[in-house]
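Undergrad: Attaching a single structure in structure tokens format; questions to follow.
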Amino acid sequence: MSALMGQMMRMPLMISSLITHAARHHGDTEIVSKRVEGDIHRYTWADCELRSRKVAQVMARLGLQAGDRVGTLAWNGYRHMELYYGLSGSQLVCHTVNPRLFPEQIAWIINDAEDKALCVDLNLLPLVEKLLPALKAVKHVILMTDRAHMPAQTSIENLLCYEDLVEAEDGKYTWPEFDENTASSICYTSGTTGNPKGAVYSHRSTVLHAIVGAMPDAMGLSAEDVMLPVVPMFHVNAWGIPYGAAAVGCKLVMPGPHLDGKSLHDIFEAEGVTISAGVPTIWLGLLNHVSSNNLKFSTFKRTIIGGSACPPAMIDAFQDKFGVQVIHAWGMTETSPLGCVSRLKSKHRELPEAAKRKLLAKQGRAVYGVDLRIVNDHGEDLPWDGKQSGDLLVRGHWIIDSYLNVAKSPLDYGWFPTGDVSTIDADGFMQITDRSKDVIKSGGEWISSIDLENIAMGHPAVNEAAAIAVPHPKWDERPLLVVVLKPGTQATREELIGFYEGKIPKWQTPDDVVFVPELPHTATGKIQKLKLRDQFRDHKLPTV
């Protein structure tokens, strides 16, 4: 006997449906962009949808066909939004390229994706001029500006003007329907070890991710919000915010390349921003600016912090000094990126504030659509007791099963190994204790570098800190703390080591502290511990 089938409409999940919804139901809501050209641009979701259809027409006129990849080297702005929708919506593949990577990596990524065209922001044109001879498949370069700002001279033959192309089209374009599993966009991993790898997202995965991402227990977006994504659109599709914002129709504020503390505070206040999202290093600059200038936030109420672990001291500063709720989140390029969000349950309402903060400092609970496991070295499941740590594995509707142009799947019996070492407690709160390659192995015991960094960040003189393993003849490895002090402050090695007393077991305390003017960061704002380990690999600990 066959099963009774549902009698529902069969509508594929299309990225174009998000922008169509925003235009139809929130057509007069603003999208505000700080342009590379220096001015502020304003238009609406309805304008964005029309111009996205024109972008689809432009690409067809240039001879691009379904499945072709189009690279973007651009900041957060309205033209980049139009490419997100115009490319994916017309069955092309939007490939966002991180301009902060090494030029050789950028060229490798563009060649690996076989981009047929590149869309480039004005201040990134010199980079493309240098790279173009090495880019094998690129046929068209489109400068994302108007005729007035086109350069008088360039080494690029037939450099196209974005605004000229868009204005030449009429926008009479109907979004096509096709298989929802069709590729929509490509984002590459940071490439901290070896070459970056391409994660190919589908229309289905992207739409599901957008819907769940906007839910109250995730980012909690609504039509009442004014969202400013600090996280760049070239970093895992700005964590899906350009899609989630369209799904709820909220006002969107795009900061362009201007991510210093003053620029962010100015635009937060001018546009009434209520919610934002970004990595800890950016928030450090904003907090330093508002604190040193005795400023406040008028409308800013919530921020999603991810990309790397958010120090509890940063959570406390946002919430206690400025009344901004911090929503800690975890994800990866391979998870689109949303995996876990730290949100309390009703049972936690009566907990003391300190206990609530301790929970919220964890990476959080899996959102619907994502499942978690932690396993030991033998692949055996470990209990969710908040104590035993193991390798974190994930699976779900928007998690990759393979990389672009890589034959071997990374999956382990259907689960993606994240490379993180984690605990999960009885309420499902996951906490990353380390990256598997960053954990400090001392005398057969593991020391969490993240725990050491979080404690150091609680010291009033510490601006940034990184804990790394250095060789030790007796214990194999011992922790070294590398510290950047806040401007105008002082601290000694002895003072910082003493700061750990009573906070962790004595044997986990760093053996030494070194002070540096700055820490090396990846193109996505993460501390480059590999570089630090190389730099200090011959460091002689005073305990040797």
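Undergrad: If amide hydrogens are placed 1.01 Å from N in the peptide plane, which non-local residues have theirs closer than 5 Å to the one on ARG435?
TA: VAL421
Undergrad: Can you pull the one-decimal nm distance between simple spin-label points at LYS139 and TYR43, each 7 Å off the Cα toward Cβ?
TA: Distance between the two pseudo-spin positions: 2.6 nm.
Undergrad: D for the range 103-214, whole µm²/s, Stokes-Einstein with Kirkwood Rh over alpha-carbon pairs at 4 °C and 1.567 mPa s: what number?
TA: This corresponds to a translational diffusion coefficient of 78 µm²/s.
Undergrad: Using only Cα atoms, find the angle between the long axis of helix 203-213 and the longest principal axis of the chain, and express it within 0 to 90 degrees, rounded to the nearest 10.
TA: Value to nearest ten degrees: 50.
Undergrad: I would also like to ask the following. Cα-Cα over 23 Å: which of LYS116/LYS526; LYS362/LYS526; LYS130/LYS437; LYS54/LYS197; LYS301/LYS358?
TA: Violating the 23 Å limit, Cα to Cα: LYS116/LYS526; LYS130/LYS437; LYS54/LYS197.
Undergrad: Sticking with this one: At 222 nm, what value in deg cm²/dmol follows for the chain if DSSP H runs of at least 4 each add -39500 (n - 2.57) and the sum is divided by all its residues, to the nearest 500?
TA: Here the helix-only value at 222 nm equals -7500 deg cm²/dmol.
Undergrad: Can you give the accessible area per residue of the range 282-399, in Å², using a 1.4 Å probe?
TA: Per residue, the range 282-399 has an accessible area of 45 Å².
Undergrad: Further question on the same structure: Treat each spin label as a single point 7 Å out from the Cα along the C-beta direction, and report the LYS387 to GLN7 distance in nm.
TA: 5.6
Undergrad: Can you send over the carbon and sulfur percentage of the accessible area for the range 452-499, probe radius 1.4 Å, protein chains only? Display every interim value, and only then the final one.
TA: Working: 1100 of 2040 Å².
Ligands and nucleic acids excluded, carbon and sulfur give 54 percent.
Undergrad: While we're here: Helix 78-89 versus the longest principal axis of the chain: what angle, 0 to 90°, nearest 10, using Cα atoms?
TA: For helix 78-89, the angle is close to 70 degrees.
Undergrad: Still on this model: Share of Cα-Cα pairs in the range 150-205 beyond 13 Å, in percent?
TA: Details: 1176 of 1540 pairs.
More than 13 Å apart: 76 percent of the Cα pairs in the range 150-205.
Undergrad: So how do GLU350, GLU271, GLU380, GLU180 rank on accessible area, 1.4 Å probe, biggest first, that is with the largest at the start?
TA: Per-residue accessible area, sorted high to low, gives GLU350, GLU380, GLU180, GLU271.
Undergrad: Full-extension gain between GLU350 and GLU157, please, as 0.36 nm times their residue separation minus the C-alpha to C-alpha distance. Provide the component values of the computation, followed by the final result.
TA: On the way: separation 193, 0.36 × 193 = 69.48 nm, distance 6.62 nm.
Full-extension gain reported as 62.9 nm.
Undergrad: So, with a 1.4 angstrom probe, what is the percent of accessible area on the range 259-344 that is carbon and sulfur?
TA: 52
Undergrad: What label, among (i) -0.41, -1.20, -1.39; (ii) -0.66, -1.19, -1.26; (iii) -0.44, -1.02, -1.13, belongs to log10 I(q)/I(0) by the Debye sum over Cα atoms at q = 0.07, 0.12, 0.13 Å⁻¹ computed from the structure on display?
TA: Checked against the structure: label (i).
Undergrad: Based on the Cβ-Cβ distance from GLU380 to LYS130, what FRET efficiency comes out when R0 is 41 Å, to the nearest 0.05?
TA: According to the calculation, E is roughly 0.20.
Undergrad: What angle do you read, to the nearest 10 degrees and between 0 and 90, between the alpha-carbon axis of helix 261-271 and the longest principal axis of the chain?
TA: Orientation of helix 261-271: about 50 degrees from the principal axis.
Undergrad: Please compute the per residue accessible area over the range 107-222 with all protein chains in place, 1.4 Å probe, rounded to a whole number of Å². Please report the intermediate quantities before stating the final value.
TA: Values: 5250 Å² over 116 residues.
Result: 45 Å² per residue.
Undergrad: Considering only protein heavy atoms, what is the solvent-accessible area of CYS161 at a probe of 1.4 Å, reported in Å² to the nearest 10?
TA: Rounded to the nearest 10, the figure is 10 Å².
The values are calculated or read from the model by the stated rules, or taken from the named source; none is laboratory data. As the structure is a computational prediction, the values presented were derived from the model and not from experiment. Methodologically, a virtual Cβ is constructed for each residue, glycine included, from the backbone with ideal geometry; neighbour enumeration extends over all protein chains shown. The area values use the complete protein model at the heavy-atom level, side chains included, leaving out ligands, DNA and RNA. Shrake-Rupley method; radii C 1.70, N 1.55, O 1.52, S 1.80 Å.
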